[in-house]
1. How much net charge surrounds ALA308 when only other residues with a Cβ under 14 Å from its Cβ are counted (Lys, Arg +1; Asp, Glu -1)?
2. How large is the helix-only mean residue ellipticity at 222 nm for the chain, computed as the sum of -39500 (n - 2.57) over DSSP H runs with n ≥ 4, divided by its residue count, in deg cm²/dmol to the nearest 500?
3. Return, ordered by residue number, the residues of the stretch 56-96 whose backbone nitrogen is under 12 Å from a label point located 7 Å along Cα→Cβ of ASP47.
4. Quick check: Cα centre of the stretch 372-404 to Cα centre of the stretch 499-540, how many Å?
5. Pull out the extension gain between ASP10 and ASP125, defined as 0.36 nm times the separation in residues minus the alpha carbon to alpha carbon distance; nm, one decimal.
6. Taking the Cα centre of the chain as the origin and placing charges on Cβ (Lys, Arg +1; Asp, Glu -1), which of ALA569, LEU117, GLY598 is farthest toward the positive end of the dipole?
7. Along the positive direction of the dipole of the chain (beta-carbon charges: Lys, Arg +1; Asp, Glu -1; about the Cα centre), which of LEU474, ILE581, ALA33 reaches farthest?
8. Using the Cα centre as the reference, give the magnitude of the dipole from point charges on the C-beta atoms of the stretch 337-385 (Lys, Arg: +1; Asp, Glu: -1; all else neutral), rounded to the nearest 20 debye.
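Readers should treat all values here as calculations from the given coordinates under stated rules, not as data from a laboratory. Worth saying up front: this structure is predicted, and the values here are computed from it rather than measured. Every residue, glycine among them, receives a Cβ derived from its backbone with ideal geometry; neighbour counts consider all protein chains shown.
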Amino acid sequence: MTDLLLSDWDTPFGVPPFDRISDDDWAPAVDAALERSRANVAAIAADPDAPTYANTIEALELADDDLSRVLGAFYAVAGADSNEARQALQRAFSPKLSAYGSWVSSNADLFARIEDLWARRDDLDLTDEQARVLMLTRRGFVRAGAALAPADKDRLAQVKGRLAVLGTEFTQNLLKDEADWSMPLSEEELEGLPDFAVNAVRAAGEERGADGPVVTLSRSVIVPFLQYSSRRDLRQRAYEAWTARGANGGATDNRAIAAETLKLRAERATLLGYDSFADYKLETEMAGTPGAVRDLLMQVWRPARTAAEADGKILERMLHAEGFEGPLEPWDWRHYAEKRRREEHDLDEAALKPYLQLDRMIAAAFDCANRLFGLTFEPVEAPAYHPDVRMWEVTRDGDHVAVFVGDYFARAAKRSGAWCSAMRSQRKLGGDVRPIVVNVCNFAKPSAGNPALLSYDDARTLFHEFGHALHQMLSDVTHESVSGTSVARDFVELPSQLFEHWLEVPDVLRRFATHADTGEEMPSEMMERMLAAATFDMGFQTVEYLGSALVDLAFHDGPPPADPMQKQAEILEDLGMPHAIRMRHATPHFAHVFAGDGYSSGYYSYMWSEVMDADAFAAFDEVGDPFDAGLAARLEDTILSSGGSVDAADLYVAFRGRMPGVEPLLAGRGLGGAG
Ligand SMILES: [Zn+2]
């Protein structure tokens, strides 16, 4: 069956022939495809002809064609419909693929050809996109160490190897600390907990083999406990254990690992010629420099702290009214905030749900895409990896645009969360290739004959992932390496978060949020409560997030701190962190930053994207029409069609006429405009 996987697929729109692929087919097909990739790359490196853009960069773009096609299909099933065989395959593929990546980036003949082109770039008569792809290709090689002298290359490899070990140890220590701690609860100690939280602590008790309910340090158990438990002493015990993860002394303590990690990252950046690790990491991002990140975060910090302090005073009065003395403590915040939320914004989830039907929300997303971009969606029949999978052909004025695949229901074999991926990405090099885009969610499947109903969060998730899908489907570039969502990490969430705003458009909710039984519109009072609940307690959430983001940035900007814990304390002191709020993730358990380097000096990017999506949607508010045709066309021409073929900041400025400002975000989070 290797032949089947590696040949052209004779299926509607060339979707993978899942009905004819068995789990035994993947490994030989991936091996054969990898061999083809290696042969292609070796041939480019050994080409006797002088380097040209076509024989080097374009050839490299196409070198992994078979591999991408097979892996596009494999990762779709491995993520959304896994089994033991597929998990074993994933474990087997990952070192093979990373070995292949290192083999390519350490190929000296290949890098020499790229360097030659780079030196002559102004004389090659390249299009803007070609010039950018050449720059990105070379930058990828340089960042992997291709330009280093042999001794430095060796040292870089050692540093990277040690960092990988430290990242794994950091994660394992954290898991161990989480597994080692639990707090048994007697029946009286369940006081205040609603049914779902009681169920969570009982289930945790069963899982741990305890006699009764227990609180554990898993977020889905401890957060509800902190919100609802009326036992202040128990909240304190649980909170202190939760925030001590990775800092309990002994073999699982992460503090020395954090210090060594920061030191080695700084060395890695220095070897590669950067002033700091933050400069190295931010080079590929829209933000560009540590200074730009800090400026933006601090513009949000001041009004967020002001709002949080005002909220804290209200919560402290609630604490005192219950007869407690002294200041509001960190283990009190969630508890009194939840009480206040119930008083001010109570939303009856059960009454709300019938208005948010999955099929109506899909129709709403399609309708918005039609009004904004002229896209039309028609169901199609094609091979799928699971019976729940639905497919649509996307067209515009009768022309094929993409295949959109929706896989919405939770099942045991699906990884948790929601995501968007492409089984095939858009490109024009070597033929006009249109994308096959997948949205995967984990919504509860209804019993037979009933409509699937969503929470408001679910509906936002659906719109979010559909925004990523639009970024893929409207892509109009030549090179696959810069197609669709292949953009800077601090830019990739812009289309998805931006699209969420259309769900909040009252006209969209009025038309599509209709009751499953009666077909009636959602009452406007319910709609207002639902929208207001989304911005509740934003001062707290923003402050705890920014504390972590600013510490992450400071750790990597400048020389590495000898004692990260002391550095963390200094930064929080300088910021004036409110007494009752702590960092969302403190250093010894800040897995985003220390379990690998994915989000190191990158934790800011969540807020960066949010500033942009609020500012971008404000453009529609300013013209007074969420479906303004001219703005929608400009959004497509600039941000949605260009992928990574143009620098992200330039795309944003082309859309908005300027860089993003923080005011719309502050207004949207209810943090006031000034600051
Ligand atoms: Zn996203």
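1. Its environment carries a net charge of +2.
2. The helix-only estimate for the chain comes to -18000 deg cm²/dmol at 222 nm.
3. Once the point is set 7 Å along Cα→Cβ of ASP47, 56-63 turn out to lie under 12 Å by backbone N, inside the stretch 56-96.
4. 27 Å
5. That works out to 37.5 nm of additional length.
6. The residue sitting most towards the positive pole is ALA569.
7. Comparing the listed Cα positions along the dipole, ILE581 ranks first.
8. My answer is approximately 180 debye.
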